[in-house]
Amino acid sequence: MAQSKLTLVLGRLAQAIPTLVGVIVVTFVLTRALPGDPAVYFAGPAADEKSIAQIRAALGLDRSLPEQFLAYAGDLVTGNLGNSISTGQTVMSDIAARLPASLELTLMALLLSIGIAVPLGILAATRPGTWIDHLCRVLVTAGVSLPVFFTGLVLVYVFYYLADMAPAPLGRLDFIHISPPHVTGFYVIDAILDGDGETALAALGQLVLPAVTLALFTLAPIARMTRAAMLQVLSSDFIRTARAAGLTWRKVLFTYAFRNALLPVITTLGMVFSFTLGANVLVEKVFAWPGIGSYAVEALVVSDYAAVQGFVLAMAILFVALNLVIDIVYTLIDPRVGFEN
């Protein structure tokens, strides 16, 4: 079994190499097609043509595309993603500083959405046509129909402006508190590890509204897939056989039905996580959240090639790693999915 697991991991990693190479090539070509000249932005509005040409040469933009790509690929081999012209820092340090903020927000939103969507999907599947089933459909429709920026603005207006129940949407911490010592990059966890309960509660308070905004969007596909998968499994022959054998409905539902319905739900969770991590820029903008999504958009605006390429490459690596984790989790849930496959 250990050898089979190792074979699966190595096989998935080998399959990911062409994907990552394709991402690198396509991203490089598309960033060069962006409008604007990063040398002009970096030089400033008062620069003359000679200064712009000098900066373009310093950035390596005066060379041909094949030469630029070979230089970029050589830097990637050494782990160098380049320098961001918009922040003045290395892209690696920018991503390392901003990725934990996006991960903390995305994971909190997924925990909230799973806690609501999975039980709701199970209830809707076991009681089709009832008010619970209709409630599930309404939430799913609302979740995919309402834009996340609109939902975020409504929540800010209601809970911050009208009810004064939420803190100001000014990032991960308000101006009263300072950032906890860096351990995981997650402010809530780092503050708890530091024994600072006040900062942990403050960070959690800042996290609630943006996480709820994302959760309302992500619970829709999770609830819909849970309901559909449970309906399909509950109509299977082995479920009827288990009921006929005298097993309790609770045991049939959670031991047999839910476990067999988990595979498509986990696949949906993986896709939702990957999409949300890279596409939550609207939520980050509404709540001034210093995440990787807003970093990528700011880099796109100024044609910051290195930052855009670093962002896309980081998302591709995370996506590959997530798919590998999902493949492994499959075998733990359903023994029919063998490692030898």
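The values are calculated or read from the model by the stated rules, or taken from the named source; none is laboratory data. No experiment lies behind these values; they were computed from the predicted model shown. Heads up, the Cβs are rebuilt from the backbone with ideal geometry, glycines too, and the neighbour counts pull from every protein chain shown. Heads up: the accessible areas ignore ligands, DNA and RNA and are worked out on the full protein's heavy atoms, side chains in. Shrake-Rupley method; radii C 1.70, N 1.55, O 1.52, S 1.80 Å.
Glu198 meets each of the listed conditions (1) in a helix (DSSP H, G or I); (2) of a type outside the set (Ser, Thr, Tyr); (3) under 27 Å from Ile116 (Cα atoms) apart from (3).
Looking at Ala229, Ala220, Ala306, just one residue is of a type in the set (Gly, Ala, Ser), open to solvent by less than 40 Å² (accessible area, probe 1.4 Å) and modelled with pLDDT under 85, and that residue is Ala306. Considering Pro100, Pro119, Pro181, the condition of being modelled with pLDDT of 90 or more, out of contact with any helix residue (DSSP H, G or I) (no Cβ under 7 Å at 6 or more places or on another chain) and either open to solvent by less than 50 Å² (accessible area, probe 1.4 Å) or in a loop (DSSP other than H, G, I, E, B) (or both) is satisfied by Pro100 alone. Within segment 248-262, the residues that satisfy the criterion of being surrounded by fewer than 18 Cβ atoms within 10 Å (Cβ to Cβ) and either assigned to a helix (DSSP H, G or I) or among the basic types (Lys, Arg) (or both) are Trp249, Arg250, Lys251, Phe254, Thr255, Arg259. In summary, Asp48 fulfils each of the numbered conditions (1) over 22 Å from Val26 (Cα atoms); (2) surrounded by 13 or more Cβ atoms within 10 Å (Cβ to Cβ) with the single exception of condition (2).
Exactly one residue out of Glu284, Glu298 is surrounded by fewer than 23 Cβ atoms within 10 Å (Cβ to Cβ) and within 27 Å of Gly82 (Cβ to Cβ): that is Glu298.
Every residue, every condition in (1) over 24 Å from Leu318 (Cα atoms); (2) of a type in the set (A, V, I, L, M); (3) at pLDDT below 80; (4) open to solvent by less than 90 Å² (accessible area, probe 1.4 Å), yes or no:
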| position | (1), (2), (3), (4) |
| --- | --- |
| Thr19 | no, no, no, yes |
| Val40 | yes, yes, yes, yes |
| Arg63 | yes, no, no, no |
| Phe69 | no, no, no, yes |
| Ala73 | no, yes, no, yes |
| Thr78 | no, no, no, no |
| Leu81 | no, yes, no, yes |
| Gln89 | no, no, no, no |
